[in-house]
Amino acid sequence: MVKASSVFVCQQCGTRFNKWAGRCENCGEWNSLVEQVIEGGKSAVAKSASKGRVLSPQTMQSIAADEVVDRLATGVADLDTVLGGGILAGGVILLAGQPGIGKSTLLLQVASSIARSNSVLYVSGEESASQVKLRATRLGADATDDLEFIASTSADDIAATIRAGKHKLVIIDSIQTLAMEDIASAPGTVSQITNSSNAIIRAAKESSAAVILVGHVTKEGSIAGPKVLEHLVDVVLQFEGDRYGGFKVVRAIKNRYGSTSEAAIFEMSESGLEIVENPSAALLAERHDADGSVVLATLEGTRPLLVEIQALVNPTNFGYPKRTASGFDLNRLNLLIAVLERRTKLDLSQSDVYINVVGGLKLVDPAADLAISMAIASAAAGRKLATGAVVFGEVGLGGEVRSVIGADRRVAEAKKLGFTYALAPTQSKKNAFIKPVDSLRQALIDHLKQ
Ligand code: TYD
Ligand code: MG
(Lines give C-alpha, C1' and ligand atoms only; values in the text may rest on other atoms or scores of the structure.)
(Ligands and ions follow the chains in the order given, each with its own letter.)
Protein backbone atom coordinates (compact mmCIF):
# COMPACT_ATOMS: atom_id res chain seq x y z
CA MET A 1 0.00 0.00 0.00
CA VAL A 2 1.26 3.47 -0.84
CA LYS A 3 1.46 5.61 2.30
CA ALA A 4 0.02 9.11 2.47
CA SER A 5 2.91 11.49 2.08
CA SER A 6 3.13 15.22 2.21
CA VAL A 7 4.95 18.08 0.59
CA PHE A 8 5.57 21.59 1.83
CA VAL A 9 4.51 24.32 -0.57
CA CYS A 10 5.69 27.90 -0.34
CA GLN A 11 2.60 30.16 -0.30
CA GLN A 12 4.62 32.97 -1.78
CA CYS A 13 6.30 31.42 -4.83
CA GLY A 14 4.74 27.96 -5.02
CA THR A 15 7.99 25.95 -4.79
CA ARG A 16 7.56 22.46 -3.30
CA PHE A 17 9.89 20.96 -0.70
CA ASN A 18 10.07 17.54 0.89
CA LYS A 19 11.00 18.93 4.28
CA TRP A 20 9.68 21.87 6.25
CA ALA A 21 11.96 24.86 6.74
CA GLY A 22 11.48 28.23 8.37
CA ARG A 23 12.44 30.03 5.21
CA CYS A 24 11.73 29.26 1.56
CA GLU A 25 15.04 28.54 -0.15
CA ASN A 26 13.73 29.75 -3.46
CA CYS A 27 12.22 33.16 -2.71
CA GLY A 28 13.59 33.80 0.76
CA GLU A 29 10.18 34.40 2.37
CA TRP A 30 9.99 33.45 6.05
CA ASN A 31 7.32 31.16 7.43
CA SER A 32 5.63 30.59 4.11
CA LEU A 33 5.80 26.77 3.81
CA VAL A 34 2.48 25.01 4.32
CA GLU A 35 2.03 21.25 4.45
CA GLN A 36 -0.08 19.57 1.76
CA VAL A 37 -1.00 15.92 2.06
CA ILE A 38 -0.74 13.78 -1.08
CA GLU A 39 -2.91 10.70 -0.59
CA GLY A 40 -1.93 7.46 -2.26
CA GLY A 41 1.28 9.03 -3.46
CA LYS A 42 -0.52 10.81 -6.28
CA SER A 43 -0.89 14.59 -6.44
CA ALA A 44 -4.34 16.16 -6.69
CA VAL A 45 -3.60 17.21 -10.25
CA ALA A 46 -2.64 13.68 -11.30
CA LYS A 47 -5.78 12.24 -9.71
CA SER A 48 -7.98 14.92 -11.25
CA ALA A 49 -7.15 13.63 -14.74
CA SER A 50 -9.43 10.64 -14.21
CA LYS A 51 -12.10 12.48 -12.24
CA GLY A 52 -14.56 15.29 -12.90
CA ARG A 53 -17.60 15.48 -15.17
CA VAL A 54 -18.29 17.47 -18.28
CA LEU A 55 -20.04 20.74 -17.45
CA SER A 56 -23.01 21.98 -19.47
CA PRO A 57 -22.66 25.73 -20.03
CA GLN A 58 -25.55 27.98 -21.13
CA THR A 59 -25.33 30.77 -23.65
CA MET A 60 -24.88 34.23 -22.23
CA GLN A 61 -28.06 35.22 -24.04
CA SER A 62 -30.18 32.61 -22.29
CA ILE A 63 -29.14 33.54 -18.75
CA ALA A 64 -31.95 35.24 -16.90
CA ALA A 65 -30.66 38.32 -15.14
CA ASP A 66 -31.67 38.55 -11.50
CA GLU A 67 -34.24 41.23 -10.88
CA VAL A 68 -32.56 44.37 -9.65
CA VAL A 69 -31.90 43.80 -5.96
CA ASP A 70 -32.36 46.88 -3.88
CA ARG A 71 -29.49 48.14 -1.87
CA LEU A 72 -29.44 49.28 1.73
CA ALA A 73 -28.82 53.00 2.01
CA THR A 74 -26.18 53.71 4.65
CA GLY A 75 -27.65 57.03 5.70
CA VAL A 76 -24.56 58.83 4.41
CA ALA A 77 -25.14 59.81 0.78
CA ASP A 78 -21.44 60.10 -0.04
CA LEU A 79 -20.72 56.67 1.38
CA ASP A 80 -23.53 55.22 -0.76
CA THR A 81 -21.86 56.77 -3.80
CA VAL A 82 -18.54 55.18 -2.87
CA LEU A 83 -20.30 51.82 -2.55
CA GLY A 84 -21.92 52.26 -5.95
CA GLY A 85 -25.40 52.98 -4.59
CA GLY A 86 -25.54 51.42 -1.15
CA ILE A 87 -24.91 48.01 0.39
CA LEU A 88 -25.96 45.08 -1.79
CA ALA A 89 -27.71 42.06 -0.21
CA GLY A 90 -25.28 39.14 0.06
CA GLY A 91 -22.35 41.44 -0.55
CA VAL A 92 -19.30 41.30 1.66
CA ILE A 93 -17.47 44.55 2.33
CA LEU A 94 -14.07 44.91 3.94
CA LEU A 95 -13.43 48.22 5.70
CA ALA A 96 -9.72 48.65 6.34
CA GLY A 97 -7.97 51.38 8.27
CA GLN A 98 -5.52 52.27 11.01
CA PRO A 99 -6.49 51.82 14.63
CA GLY A 100 -8.29 54.89 15.96
CA ILE A 101 -9.25 56.30 12.59
CA GLY A 102 -12.96 55.80 13.24
CA LYS A 103 -13.96 52.45 11.72
CA SER A 104 -16.10 51.37 14.67
CA THR A 105 -17.64 54.81 14.91
CA LEU A 106 -18.60 54.94 11.23
CA LEU A 107 -20.04 51.43 11.26
CA LEU A 108 -22.08 52.05 14.38
CA GLN A 109 -23.54 55.14 12.72
CA VAL A 110 -24.30 53.16 9.55
CA ALA A 111 -25.75 50.30 11.62
CA SER A 112 -28.08 52.57 13.51
CA SER A 113 -29.26 54.29 10.35
CA ILE A 114 -29.99 51.01 8.55
CA ALA A 115 -31.61 49.57 11.67
CA ARG A 116 -34.46 52.06 11.31
CA SER A 117 -35.97 49.82 8.65
CA ASN A 118 -33.98 46.56 8.73
CA SER A 119 -32.61 44.16 11.28
CA VAL A 120 -28.91 44.74 11.93
CA LEU A 121 -26.41 42.82 14.04
CA TYR A 122 -23.17 44.37 15.31
CA VAL A 123 -20.62 41.74 16.38
CA SER A 124 -17.57 42.92 18.25
CA GLY A 125 -14.56 40.80 19.08
CA GLU A 126 -12.69 43.77 20.47
CA GLU A 127 -15.03 45.57 22.79
CA SER A 128 -17.51 44.53 25.44
CA ALA A 129 -21.23 45.27 25.30
CA SER A 130 -20.95 48.12 27.79
CA GLN A 131 -18.08 49.78 25.89
CA VAL A 132 -20.05 49.69 22.67
CA LYS A 133 -23.18 50.90 24.46
CA LEU A 134 -21.24 53.91 25.71
CA ARG A 135 -20.23 54.82 22.19
CA ALA A 136 -23.72 54.14 20.85
CA THR A 137 -25.21 56.50 23.41
CA ARG A 138 -22.75 59.19 22.41
CA LEU A 139 -23.63 58.75 18.76
CA GLY A 140 -27.36 58.52 19.46
CA ALA A 141 -27.25 55.06 17.90
CA ASP A 142 -29.07 53.18 20.65
CA ALA A 143 -32.60 54.21 19.76
CA THR A 144 -33.95 51.28 17.73
CA ASP A 145 -34.96 47.74 18.66
CA ASP A 146 -33.64 46.46 15.38
CA LEU A 147 -29.99 47.06 16.19
CA GLU A 148 -28.63 44.09 18.08
CA PHE A 149 -25.22 43.56 19.62
CA ILE A 150 -23.15 40.52 20.51
CA ALA A 151 -19.56 40.21 21.67
CA SER A 152 -18.03 37.11 20.08
CA THR A 153 -14.79 35.92 18.52
CA SER A 154 -16.05 32.58 17.20
CA ALA A 155 -16.24 32.53 13.42
CA ASP A 156 -18.31 29.31 13.58
CA ASP A 157 -20.95 30.93 15.80
CA ILE A 158 -21.06 34.13 13.77
CA ALA A 159 -21.42 32.20 10.50
CA ALA A 160 -24.25 30.14 12.02
CA THR A 161 -25.96 33.33 13.18
CA ILE A 162 -25.69 34.85 9.71
CA ARG A 163 -27.07 31.64 8.17
CA ALA A 164 -30.06 31.77 10.50
CA GLY A 165 -31.17 34.62 8.27
CA LYS A 166 -32.60 36.99 10.85
CA HIS A 167 -30.37 39.92 9.98
CA LYS A 168 -30.20 41.97 6.80
CA LEU A 169 -26.80 43.40 7.72
CA VAL A 170 -24.10 41.96 9.96
CA ILE A 171 -21.09 44.03 10.98
CA ILE A 172 -18.03 42.20 12.29
CA ASP A 173 -15.43 44.21 14.19
CA SER A 174 -12.77 42.92 13.45
CA ILE A 175 -11.72 40.01 11.22
CA GLN A 176 -8.36 39.79 13.03
CA THR A 177 -10.05 38.80 16.30
CA LEU A 178 -11.98 35.85 14.86
CA ALA A 179 -11.03 32.20 15.26
CA MET A 180 -12.45 28.88 14.03
CA GLU A 181 -12.57 26.01 16.44
CA ASP A 182 -11.00 23.46 14.08
CA ILE A 183 -7.93 25.52 13.38
CA ALA A 184 -5.17 25.40 15.91
CA SER A 185 -3.39 28.69 15.24
CA ALA A 186 -4.04 31.94 17.09
CA PRO A 187 -6.51 34.66 15.97
CA GLY A 188 -4.96 37.07 13.48
CA THR A 189 -2.83 34.45 11.76
CA VAL A 190 -3.11 33.86 8.04
CA SER A 191 -4.97 30.58 8.31
CA GLN A 192 -7.45 31.89 10.88
CA ILE A 193 -8.20 35.02 8.88
CA THR A 194 -8.59 33.15 5.58
CA ASN A 195 -10.75 30.36 6.97
CA SER A 196 -12.90 32.61 9.16
CA SER A 197 -13.53 34.97 6.25
CA ASN A 198 -14.39 32.07 3.97
CA ALA A 199 -16.89 30.66 6.47
CA ILE A 200 -18.51 34.07 6.90
CA ILE A 201 -18.58 34.88 3.19
CA ARG A 202 -20.21 31.53 2.44
CA ALA A 203 -22.82 32.15 5.12
CA ALA A 204 -23.48 35.62 3.71
CA LYS A 205 -24.04 34.29 0.18
CA GLU A 206 -26.34 31.54 1.47
CA SER A 207 -28.56 33.79 3.54
CA SER A 208 -28.12 36.86 1.33
CA ALA A 209 -27.31 39.00 4.33
CA ALA A 210 -24.87 41.82 3.72
CA VAL A 211 -21.70 41.63 5.79
CA ILE A 212 -19.18 44.34 6.65
CA LEU A 213 -15.84 43.13 7.96
CA VAL A 214 -13.47 45.48 9.74
CA GLY A 215 -9.82 44.89 8.92
CA HIS A 216 -6.78 46.40 10.56
CA VAL A 217 -3.87 47.60 8.51
CA THR A 218 -0.18 47.07 9.11
CA LYS A 219 2.34 49.85 9.71
CA GLU A 220 3.02 49.95 5.99
CA GLY A 221 -0.66 50.59 5.34
CA SER A 222 -1.68 47.31 3.72
CA ILE A 223 -4.47 45.16 5.11
CA ALA A 224 -3.10 42.96 7.88
CA GLY A 225 -3.40 39.32 7.01
CA PRO A 226 -3.34 37.53 3.73
CA LYS A 227 -3.62 39.35 0.46
CA VAL A 228 -6.25 36.77 -0.52
CA LEU A 229 -8.73 38.51 1.75
CA GLU A 230 -8.99 41.28 -0.81
CA HIS A 231 -9.89 38.74 -3.50
CA LEU A 232 -12.50 37.02 -1.38
CA VAL A 233 -14.66 40.02 -0.59
CA ASP A 234 -16.80 42.02 -3.03
CA VAL A 235 -15.80 45.51 -1.93
CA VAL A 236 -12.67 46.81 -0.22
CA LEU A 237 -13.04 50.22 1.41
CA GLN A 238 -9.97 52.03 2.66
CA PHE A 239 -10.30 54.50 5.51
CA GLU A 240 -7.37 56.92 5.38
CA GLY A 241 -6.27 60.13 6.94
CA ASP A 242 -4.95 61.59 10.12
CA ARG A 243 -6.07 59.90 13.35
CA TYR A 244 -5.69 63.12 15.28
CA GLY A 245 -7.97 65.54 13.54
CA GLY A 246 -7.94 66.55 9.92
CA PHE A 247 -9.93 64.94 7.16
CA LYS A 248 -10.57 61.26 6.85
CA VAL A 249 -11.30 59.80 3.46
CA VAL A 250 -13.17 56.60 2.65
CA ARG A 251 -12.55 55.28 -0.83
CA ALA A 252 -13.17 51.99 -2.57
CA ILE A 253 -10.01 50.30 -3.77
CA LYS A 254 -12.01 47.40 -5.15
CA ASN A 255 -15.71 47.27 -5.98
CA ARG A 256 -17.45 44.47 -7.84
CA TYR A 257 -20.67 46.48 -8.00
CA GLY A 258 -19.52 49.98 -8.77
CA SER A 259 -16.68 52.27 -9.69
CA THR A 260 -13.60 52.82 -7.55
CA SER A 261 -13.24 56.47 -8.40
CA GLU A 262 -15.46 57.96 -5.69
CA ALA A 263 -14.49 59.12 -2.22
CA ALA A 264 -16.29 60.35 0.90
CA ILE A 265 -14.62 62.95 3.12
CA PHE A 266 -15.35 62.91 6.84
CA GLU A 267 -14.40 64.85 9.93
CA MET A 268 -14.57 63.47 13.47
CA SER A 269 -16.76 65.54 15.78
CA GLU A 270 -18.18 65.18 19.28
CA SER A 271 -21.12 63.25 17.89
CA GLY A 272 -19.30 60.97 15.49
CA LEU A 273 -18.16 61.24 11.90
CA GLU A 274 -19.65 63.97 9.79
CA ILE A 275 -19.46 64.59 6.07
CA VAL A 276 -17.45 67.69 5.18
CA GLU A 277 -19.78 69.75 2.99
CA ASN A 278 -17.27 72.10 1.41
CA PRO A 279 -13.84 70.55 1.85
CA SER A 280 -11.99 73.05 -0.35
CA ALA A 281 -13.12 76.03 1.72
CA ALA A 282 -12.28 74.23 4.96
CA LEU A 283 -8.84 73.24 3.70
CA LEU A 284 -7.97 76.77 2.65
CA ALA A 285 -9.49 78.55 5.65
CA GLU A 286 -6.25 78.90 7.59
CA ARG A 287 -3.95 79.52 4.66
CA HIS A 288 -1.16 82.06 5.08
CA ASP A 289 0.12 83.56 1.93
CA ALA A 290 3.79 82.69 2.34
CA ASP A 291 6.54 81.46 0.07
CA GLY A 292 6.45 77.70 -0.31
CA SER A 293 2.67 77.68 -0.28
CA VAL A 294 0.85 76.62 -3.43
CA VAL A 295 -2.82 75.74 -3.93
CA LEU A 296 -3.32 72.51 -5.85
CA ALA A 297 -6.55 71.68 -7.66
CA THR A 298 -6.75 67.94 -7.18
CA LEU A 299 -9.42 65.28 -7.63
CA GLU A 300 -10.59 63.07 -4.81
CA GLY A 301 -12.41 60.43 -6.80
CA THR A 302 -14.41 62.40 -9.31
CA ARG A 303 -14.78 65.33 -6.97
CA PRO A 304 -12.52 68.37 -7.33
CA LEU A 305 -10.77 69.61 -4.23
CA LEU A 306 -8.46 72.53 -3.55
CA VAL A 307 -5.69 71.77 -1.11
CA GLU A 308 -2.71 73.75 0.08
CA ILE A 309 0.77 72.31 -0.48
CA GLN A 310 3.50 73.66 1.80
CA ALA A 311 7.20 73.32 1.21
CA LEU A 312 10.07 74.26 3.46
CA VAL A 313 13.63 74.36 2.19
CA ASN A 314 16.49 74.74 4.68
CA PRO A 315 20.27 74.48 4.35
CA THR A 316 21.55 71.04 5.34
CA ASN A 317 23.58 71.27 8.51
CA PHE A 318 25.15 67.89 8.59
CA GLY A 319 25.52 64.91 6.31
CA TYR A 320 23.01 64.04 3.63
CA PRO A 321 20.22 66.45 2.82
CA LYS A 322 16.96 65.36 4.38
CA ARG A 323 13.72 64.92 2.42
CA THR A 324 10.44 64.43 4.22
CA ALA A 325 6.91 64.32 2.88
CA SER A 326 3.65 64.14 4.76
CA GLY A 327 0.72 63.22 2.53
CA PHE A 328 2.86 62.65 -0.56
CA ASP A 329 4.95 59.75 -1.81
CA LEU A 330 8.61 60.21 -0.80
CA ASN A 331 9.96 58.49 -3.92
CA ARG A 332 7.93 60.80 -6.10
CA LEU A 333 9.27 63.78 -4.12
CA ASN A 334 12.86 62.65 -4.69
CA LEU A 335 12.12 62.27 -8.38
CA LEU A 336 10.66 65.79 -8.60
CA ILE A 337 13.68 67.22 -6.78
CA ALA A 338 15.94 65.48 -9.30
CA VAL A 339 13.91 66.95 -12.18
CA LEU A 340 14.08 70.43 -10.59
CA GLU A 341 17.86 70.20 -10.23
CA ARG A 342 18.47 68.91 -13.71
CA ARG A 343 15.89 70.84 -15.72
CA THR A 344 15.67 74.19 -13.95
CA LYS A 345 19.19 74.48 -12.52
CA LEU A 346 17.81 74.97 -9.03
CA ASP A 347 20.49 73.68 -6.65
CA LEU A 348 19.00 71.60 -3.85
CA SER A 349 22.00 69.37 -3.20
CA GLN A 350 22.75 71.13 0.09
CA SER A 351 19.13 71.69 1.13
CA ASP A 352 16.68 69.83 3.33
CA VAL A 353 13.24 69.68 1.72
CA TYR A 354 10.01 69.19 3.67
CA ILE A 355 6.60 68.81 2.07
CA ASN A 356 3.27 68.99 3.88
CA VAL A 357 -0.17 68.43 2.40
CA VAL A 358 -2.53 70.41 4.60
CA GLY A 359 -5.54 68.67 6.13
CA GLY A 360 -4.16 65.16 6.51
CA LEU A 361 -4.95 64.24 2.92
CA LYS A 362 -2.85 61.70 1.07
CA LEU A 363 -2.29 62.71 -2.54
CA VAL A 364 -2.23 60.04 -5.19
CA ASP A 365 -3.18 62.35 -8.05
CA PRO A 366 -0.33 62.76 -10.58
CA ALA A 367 -1.51 66.34 -11.08
CA ALA A 368 0.14 67.16 -7.74
CA ASP A 369 3.60 67.12 -9.39
CA LEU A 370 3.54 70.67 -10.70
CA ALA A 371 2.23 72.10 -7.43
CA ILE A 372 4.84 70.23 -5.35
CA SER A 373 7.66 71.33 -7.67
CA MET A 374 6.51 74.94 -7.65
CA ALA A 375 6.16 74.92 -3.87
CA ILE A 376 9.75 73.68 -3.50
CA ALA A 377 11.08 76.27 -5.94
CA SER A 378 9.04 78.98 -4.25
CA ALA A 379 10.43 78.07 -0.83
CA ALA A 380 13.99 77.73 -2.13
CA ALA A 381 13.97 81.11 -3.87
CA GLY A 382 11.81 82.91 -1.32
CA ARG A 383 9.43 84.00 -4.08
CA LYS A 384 5.70 83.72 -3.84
CA LEU A 385 3.16 82.57 -6.35
CA ALA A 386 0.30 85.04 -6.98
CA THR A 387 -2.52 84.68 -4.43
CA GLY A 388 -5.20 84.01 -7.02
CA ALA A 389 -3.47 81.06 -8.66
CA VAL A 390 -4.22 77.36 -8.45
CA VAL A 391 -1.88 74.80 -9.96
CA PHE A 392 -2.24 71.35 -11.47
CA GLY A 393 -0.29 69.20 -13.92
CA GLU A 394 1.94 66.18 -14.12
CA VAL A 395 5.69 66.70 -14.50
CA GLY A 396 7.73 64.38 -16.73
CA LEU A 397 11.40 63.53 -16.37
CA GLY A 398 12.28 66.01 -19.10
CA GLY A 399 10.74 68.80 -17.03
CA GLU A 400 7.76 68.98 -19.36
CA VAL A 401 4.28 69.62 -17.96
CA ARG A 402 1.84 66.92 -19.01
CA SER A 403 -1.92 66.96 -19.20
CA VAL A 404 -4.11 65.36 -16.55
CA ILE A 405 -7.72 64.25 -16.38
CA GLY A 406 -10.60 66.39 -15.14
CA ALA A 407 -9.22 69.84 -16.02
CA ASP A 408 -12.75 71.28 -16.35
CA ARG A 409 -13.80 70.08 -12.92
CA ARG A 410 -10.63 71.43 -11.33
CA VAL A 411 -11.12 74.80 -13.00
CA ALA A 412 -14.78 74.97 -11.94
CA GLU A 413 -13.87 74.37 -8.29
CA ALA A 414 -11.15 77.05 -8.41
CA LYS A 415 -13.60 79.55 -9.89
CA LYS A 416 -16.17 78.70 -7.23
CA LEU A 417 -13.68 79.54 -4.48
CA GLY A 418 -12.71 82.87 -5.99
CA PHE A 419 -9.38 82.04 -7.63
CA THR A 420 -8.49 84.04 -10.69
CA TYR A 421 -6.45 81.68 -12.84
CA ALA A 422 -4.97 78.22 -13.08
CA LEU A 423 -1.44 77.21 -14.05
CA ALA A 424 -2.02 74.05 -15.97
CA PRO A 425 -0.90 72.03 -18.95
CA THR A 426 -1.88 73.38 -22.35
CA GLN A 427 -5.39 72.16 -23.11
CA SER A 428 -6.61 71.02 -26.47
CA LYS A 429 -9.75 73.03 -25.81
CA LYS A 430 -8.99 76.68 -25.00
CA ASN A 431 -10.05 77.78 -21.54
CA ALA A 432 -9.74 81.44 -20.59
CA PHE A 433 -9.15 80.60 -16.93
CA ILE A 434 -6.06 78.54 -17.67
CA LYS A 435 -2.63 80.09 -18.17
CA PRO A 436 -0.96 77.25 -20.00
CA VAL A 437 2.55 76.14 -19.03
CA ASP A 438 4.42 73.53 -21.02
CA SER A 439 7.64 73.24 -19.06
CA LEU A 440 8.50 73.40 -15.39
CA ARG A 441 11.34 75.83 -16.10
CA GLN A 442 9.06 78.29 -17.89
CA ALA A 443 6.46 77.99 -15.12
CA LEU A 444 9.05 79.03 -12.52
CA ILE A 445 10.44 81.90 -14.59
CA ASP A 446 7.05 83.31 -15.54
CA HIS A 447 5.10 82.84 -12.36
CA LEU A 448 7.40 83.00 -9.33
CA LYS A 449 8.08 86.69 -9.33
CA GLN A 450 7.43 88.50 -6.09
P1 TYD B 1 -12.91 54.28 16.72
O2 TYD B 1 -14.13 54.32 15.86
O3 TYD B 1 -12.97 53.39 17.90
O4 TYD B 1 -11.67 53.88 15.80
P5 TYD B 1 -11.30 52.44 15.18
O6 TYD B 1 -12.47 51.53 15.32
O7 TYD B 1 -10.96 52.73 13.75
O8 TYD B 1 -10.12 51.94 15.91
O9 TYD B 1 -12.64 55.77 17.24
C10 TYD B 1 -11.70 56.65 16.76
C11 TYD B 1 -11.51 57.85 17.63
O12 TYD B 1 -12.54 58.77 17.46
C13 TYD B 1 -11.42 57.57 19.11
O14 TYD B 1 -10.09 57.80 19.51
C15 TYD B 1 -12.33 58.56 19.76
C16 TYD B 1 -12.81 59.45 18.67
N17 TYD B 1 -14.25 59.78 18.73
C18 TYD B 1 -14.67 61.09 18.67
O19 TYD B 1 -13.86 62.03 18.60
N20 TYD B 1 -16.01 61.37 18.67
C21 TYD B 1 -16.94 60.40 18.77
O22 TYD B 1 -18.15 60.68 18.76
C23 TYD B 1 -16.49 59.03 18.83
C24 TYD B 1 -17.46 57.90 18.95
C25 TYD B 1 -15.15 58.76 18.80
MG1 MG C 1 -12.57 49.81 16.57
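Residues in the stretch 356-371 that are crowded, with 24+ Cβ neighbours inside 10 Å, touching a Lys or Arg at 6+ places or on another chain (Cβ under 8 Å) and not small (Gly, Ala, Ser): Asp369 only.
Of the helices (runs of 4 or more DSSP H) lying entirely inside the stretch 74-180, those carrying at least 1 residues that are basic (Lys, Arg) and either more than 16 Å from ligand 1 (Cβ to nearest atom) or within 22 Å of the chain's Cα centre (by Cα) (or both) are 103-114, 155-163.
Given the criteria more than 21 Å from Ala264 (Cα to Cα), more than 10 Å from ligand 2 (Cβ to nearest atom) and modelled with pLDDT under 90, does Ala151 qualify? Spelling it out, it is not the case that Ala151 is more than 21 Å from Ala264 (Cα to Cα), more than 10 Å from ligand 2 (Cβ to nearest atom) and modelled with pLDDT under 90.
Screening Gly188 with (1) within 16 Å of ligand 2 (Cβ to nearest atom); (2) outside any loop (DSSP other than H, G, I, E, B) gives one miss only, at (2). Cβ-Cβ contacts under 8 Å between residues 6 or more apart (or on different chains), taken from a first residue in the stretch 131-148 that is in the same structural domain as Gln109 (by TED's automatic domain parsing) and open to solvent by less than 40 Å² (accessible area, probe 1.4 Å) to a second residue that is near ligand 1 (Cβ under 10 Å from one of its atoms) and assigned to a loop (DSSP other than H, G, I, E, B), are listed as Leu139/Ser271; Leu147/Ala141.
Name the helices (runs of 4 or more DSSP H) wholly inside the stretch 274-390 in which the number of residues that are modelled with pLDDT under 90 is 1 or more.
In the stretch 274-390, the matching helices (runs of 4 or more DSSP H) lie at 279-284.
Annotation: Ile253 fulfils all but one of (1) without any contact (Cβ under 8 Å) to a residue 40 or more places away in the chain; (2) out of contact with any Leu (no Cβ under 9 Å at 6 or more places or on another chain); the unmet one is (2).
Does the stretch 301-314 include one or more residues that are of a type in the set (S, T, N, Q) and more than 27 Å from the chain's Cα centre (by Cα)?
yes
Regarding Ile93, is this residue more than 14 Å from ligand 2 (Cβ to nearest atom) and either touching a helix residue (DSSP H, G or I) at 6+ places or on another chain (Cβ under 8 Å) or among the aromatic types (Phe, Trp, Tyr) (or both)?
yes
When the residues of the stretch 378-421 are filtered to those that are of a type in the set (Asp, Glu) and closer than 26 Å to Glu277 by Cβ, the one that is least open to solvent (accessible area, probe 1.4 Å) is Glu413. Looking at the stretch 108-124 only, could you name the residues that are buried (at least 22 other Cβ atoms within 10 Å of the Cβ) and either closer than 21 Å to Glu267 by Cα or more than 10 Å from ligand 2 (Cβ to nearest atom) (or both)? If the condition is that a residue be buried (at least 22 other Cβ atoms within 10 Å of the Cβ) and either closer than 21 Å to Glu267 by Cα or more than 10 Å from ligand 2 (Cβ to nearest atom) (or both), then Leu108, Gln109, Val110, Ala111, Ser112, Ile114, Ala115, Val120, Leu121, Tyr122, Val123 are the ones that fit.
The values are calculated or read from the model by the stated rules, or taken from the named source; none is laboratory data. Because the structure is a prediction, the values reported are computed rather than measured. Positions of Cβ are generated from backbone atoms using ideal geometry, with glycine treated the same way; all protein chains shown enter the neighbour counts. Side chains are part of the model used for accessible areas, which takes the heavy atoms of the whole protein and leaves out ligands, DNA and RNA. Shrake-Rupley method; radii C 1.70, N 1.55, O 1.52, S 1.80 Å.
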